[in-house]
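Right, one structure below, let's go through it.
The values are calculated or read from the model by the stated rules, or taken from the named source; none is laboratory data. None of these values were measured; they are calculated from a predicted model. Here the Cβ is made from the backbone with ideal geometry for all residues, glycine too, and neighbour counts use every protein chain on show. To get the accessible areas, we keep the full protein, side chains included, count just its heavy atoms, and leave off ligands, DNA and RNA. Shrake-Rupley method; radii C 1.70, N 1.55, O 1.52, S 1.80 Å.
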Amino acid sequence: MNQPPSKPTPALVLFGGMGAGPLFVAPQKRAFRDAMLVPPWPAPRPRESVADYAARWAAALQPNLPADRPVFLAGVSFGGMIAQEIATRLDPPPRGVILIASGRSGRAVAPLYRTLERLAHPLPWRLAKPIAPLIGYLHGIQMRLGPAHRRLLARVGGRLDLSLTRWCAR
């Protein structure tokens, strides 16, 4: 019996939120296996714009993308905003961009979070690091997540690169 030709498996590049590493998207990575790439967040340069950051990241990412199958970008929260910026700089462009709990621009950030960033900005990071897991847990409560997901966000918060997180929040 002749089988129809199989469609190429799409490649998915997933950007975790605000510098979150592989732990944040571990269940998705297990499900997608080799069809999904979770690139590490590069360190931002001082006063680097989001556009310049995305251009630099796209240039580093481009050689790792498959040329023989469609590519989709996805991003969680701030990762979605980065995914949109990177998408405009890839050749060929991705087939699509998937936003997960994200927005199309910084204007989508809730006023509460914008206010918290302005209040926290002058604080030294040595004061913020010990409370990062608590902030992750409280963020889970705010999002009405169950206890297991709140604990995961607390673990993610404890592992964040706070200089990257500060840049993302700005």
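Quick notes on this structure:
- Test: residue in region 68-91 that is of a type outside the set (Asp, Glu) and exposed (fewer than 13 other Cβ atoms within 10 Å of the Cβ): no
- Pairing residues of region 86-108 that are under 19 Å from Val38 (Cα atoms) with residues that are assigned to a helix (DSSP H, G or I) and basic (Lys, Arg), at Cβ distances under 6 Å and at least 6 apart in sequence or on separate chains, gives no pairs at all.
One line per residue, one yes/no per condition, for (1) of a type in the set (A, V, I, L, M); (2) more than 17 Å from the chain's Cα centre (by Cα):
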position	(1), (2)
Ala55	yes, no
Asn64	no, yes
Val71	yes, no
Gly80	no, no
Ala83	yes, no
Pro92	no, yes
Arg95	no, yes
Ser105	no, no
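- Leading residue by the ranking (modelled with the lowest pLDDT) among those in region 58-92 that are part of a loop (DSSP other than H, G, I, E, B) and in contact with a helix residue (DSSP H, G or I) (Cβ under 6 Å, 6 or more places away or on another chain): Ser77
- Of all residues in region 34-47, those satisfying the criterion of being surrounded by 15 or more Cβ atoms within 10 Å (Cβ to Cβ) and touching a residue at least 40 places away in the same chain (Cβ under 8 Å) are Trp41, Pro44.
- The requirement of being open to solvent by 90 Å² or more (accessible area, probe 1.4 Å) and either in a helix (DSSP H, G or I) or modelled with pLDDT under 80 (or both) is satisfied by Arg107.
- Hits in region 37-56 - residues which are more than 17 Å from Arg159 (Cβ to Cβ) and touching a strand residue (DSSP E or B) at 6+ places or on another chain (Cβ under 9 Å): Leu37
- Contact annotation: residue pairs with Cβ atoms under 9 Å, 6 or more positions apart or on different chains, pairing a residue in region 69-82 that is without any contact (Cβ under 8 Å) to a residue 60 or more places away in the chain with a partner that is outside any strand (DSSP E or B) and of a type in the set (D, E, K, R), are Met81/Arg104.
- The set of residues in region 139-170 being open to solvent by 90 Å² or more (accessible area, probe 1.4 Å) and modelled with pLDDT of 70 or more consists of Gln142, Arg144, His149, Arg151, Arg155, Arg159.
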